[in-house]
Amino acid sequence: CMAERLKLKILESNKGVDLIAGPDAYRDLPRLLQEAATGAKAANVQLSLEETYADLAPVRAVGDGQQSAAYVSIMRGCNNHCSFCIVPFTRGRERSMAADAVVDKVKALSDQGFKEVCLLGQNVNSYFDKTASPSVGFSGVSLGEGFHQKYKSRDGTLRFTELLHKISQVDPEMRIRFTSPHPKDFPNELLQLMAERPNICSQVHLPLQSGSTSVLERMRRGYSKEVFVELADRARDMIPNLSLSTDVMTGFCGETEDEHAETLEVMERVKFEAAFMFHYSMRDKTHANRNYQDDVPENIKLDRLKQVIDLFQRVSHNSMQKLIGTQQLVLVEGDSRKSSRDLMGRADNNKRVVFPKTDLLISPGDYVAVRIESATAATLKASAIQVTSLQQFSQNQSNIASLS
């Protein structure tokens, strides 16, 4: 993004940079490298309306920690033009990889032994395959109830819900995550699919940004406070044991104390399990830069940010404590960073879990059922029960739920 935003200014800054490649210029890297090797300054920051890198297959290694998981970019760009955001100017318009190409990439990862895939995109759930129509049983609609957008709808094409359906059928033992989504693109059929498929992780990122409807309007987010809270409630109702994460920004242009207080109220109401929190910083070219004043003093931005962080830490502590005594399915990544006597991995809710090694033969990439014994602010501490499979663990949990 920095290369695309600053463009040739980086070369002119005399900072020792001799090559710049924008996000759509990777295919041009051989030429750029050859040109830079001669001592010339090389740059390509041209954005594309079509580039998705669908035919490129990254070289990956399996079996060492995080390498049991892989990432697949399914779409690029953003059409939303939120007031504060530079992404539409640095990543270009939305374009998506064909569904068949995405499925083929996931199949290849499964064949290579990967146990988790994370689908990536600047607005990942805005995905659309313009070459395909929705199949029977899928609406081809992406916009959730109560939300609106400023650009023309792509209803009638193959959308994210159907793509996720296809990917979840590739390998029942492969976990699926996706990031970063936009709250507007969570129709009920997507939430229902997540509830039905054990290998689609029960973890959703819902970027709030602000809990004030008036601030959200200035941000051009496409939803009100009430619509956002209704979505969070509906998601928790439909998806068992759902974990919600979010983004929260303090001190956006014109934010008053009352508007800030609304953000705190929504955070208290929704009780996010994870959050990325930051104070507003004006970006060139954005709608806010052209139309608003960055008029909230820095010290007030930081004070409000501290309030947001303090509230989140309290709420998050409570949510972590509630997991004590529960069983969780952990995808093992390897030894704990703090002790080689412990193993570490991620639960379905994306929480970091650490547990002591036992006589069980456990390797990176194994699924292990664990019991949560204690919790810190960021880590769950557990004891291993057994090595299992994703589907078997899901079935066992369903049986337990039916008896309770």
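The values are calculated or read from the model by the stated rules, or taken from the named source; none is laboratory data. What you are looking at is a predicted structure, and each value in this text was computed from that prediction instead of being measured. Please note: Cβ atoms are built from the backbone with ideal geometry, for glycine as well, and neighbour counts cover all protein chains shown. In case anyone asks, the SASA skips ligands and DNA or RNA and just uses the protein heavy atoms, side chains included. Shrake-Rupley method; radii C 1.70, N 1.55, O 1.52, S 1.80 Å.
Rundown of residues vs (1) over 30 Å from residue 260 (Cα atoms); (2) out of contact with any helix residue (DSSP H, G or I) (no Cβ under 6 Å at 6 or more places or on another chain); (3) at pLDDT 95 or above, yes/no style:
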{"position": "311", "(1), (2), (3)": "no, no, yes"}
{"position": "327", "(1), (2), (3)": "yes, yes, yes"}
{"position": "332", "(1), (2), (3)": "yes, yes, yes"}
{"position": "339", "(1), (2), (3)": "yes, yes, no"}
{"position": "347", "(1), (2), (3)": "yes, yes, yes"}
{"position": "359", "(1), (2), (3)": "yes, yes, no"}
{"position": "378", "(1), (2), (3)": "no, yes, no"}
{"position": "383", "(1), (2), (3)": "yes, yes, yes"}
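Quick one: would you say residue 197 is among the basic types (Lys, Arg), surrounded by fewer than 19 Cβ atoms within 10 Å (Cβ to Cβ) and over 20 Å from the mean Cα position of the chain (by Cα)? I'd like the intermediate steps shown before the answer.
Working: among the basic types (Lys, Arg): yes; surrounded by fewer than 19 Cβ atoms within 10 Å (Cβ to Cβ): yes; over 20 Å from the mean Cα position of the chain (by Cα): no.
Answer is no for this residue.
Sort through 236, 221 and tell me the only one that's of a type outside the set (Gly, Ala, Ser), in contact with a strand residue (DSSP E or B) (Cβ under 9 Å, 6 or more places away or on another chain) and assigned to a loop (DSSP other than H, G, I, E, B). Spell out the reasoning first.
Working: 236 fails: assigned to a loop (DSSP other than H, G, I, E, B).
That would be 221, the only listed residue that is of a type outside the set (Gly, Ala, Ser), in contact with a strand residue (DSSP E or B) (Cβ under 9 Å, 6 or more places away or on another chain) and assigned to a loop (DSSP other than H, G, I, E, B).
If we keep just the residues of region 191-218 that are in a helix (DSSP H, G or I) and among the aliphatic types (A, V, I, L, M), which is farthest from residue 138 (Cα to Cα)? Working first, answer last.
Looking only at region 191-218, we keep the residues that are in a helix (DSSP H, G or I), and these are 191-196, 213-218.
Imposing the further condition that a residue be among the aliphatic types (A, V, I, L, M) reduces the set to 191, 193-195, 215-216.
Working: 191: 13, 193: 11, 194: 14, 195: 16, 215: 34, 216: 31 Å.
Looking at the filtered set, the residue picked out is 215.
With farther than 22 Å from residue 351 by Cβ, assigned to a strand (DSSP E or B) and among the aliphatic types (A, V, I, L, M) as the only criterion, which of 249, 277, 282 stands out?
Going through 249, 277, 282 in turn, the sole match is 249.
Please go through region 1-36 and give me each residue that is among the small types (Gly, Ala, Ser) and in contact with an Asp or Glu (Cβ under 6 Å, 6 or more places away or on another chain), ordered by number. So that I can check it myself, show each step before the final result.
Within region 1-36, the first condition is being among the small types (Gly, Ala, Ser), and the residues that meet it are 3, 13, 16, 21-22, 25, 36.
Passing the criteria: 22, 36.
Go through (1) surrounded by fewer than 20 Cβ atoms within 10 Å (Cβ to Cβ); (2) more than 17 Å from the chain's Cα centre (by Cα) one by one and return the number of the condition residue 210 breaks.
Evaluating residue 210 over (1) surrounded by fewer than 20 Cβ atoms within 10 Å (Cβ to Cβ); (2) more than 17 Å from the chain's Cα centre (by Cα) leaves (1) as the failure.
When the residues of region 129-158 are narrowed to those that are over 17 Å from residue 222 (Cβ atoms) and part of a strand (DSSP E or B), which ends up most open to solvent (accessible area, probe 1.4 Å)? Walk me through it before giving the result.
From region 129-158, those over 17 Å from residue 222 (Cβ atoms) are 129-140, 156-158; that's our starting set.
Then drop every residue that is not part of a strand (DSSP E or B), which leaves 129, 157-158.
Details: 129: 9, 157: 24, 158: 8 Å².
Taking the candidates together, the pick is 157.
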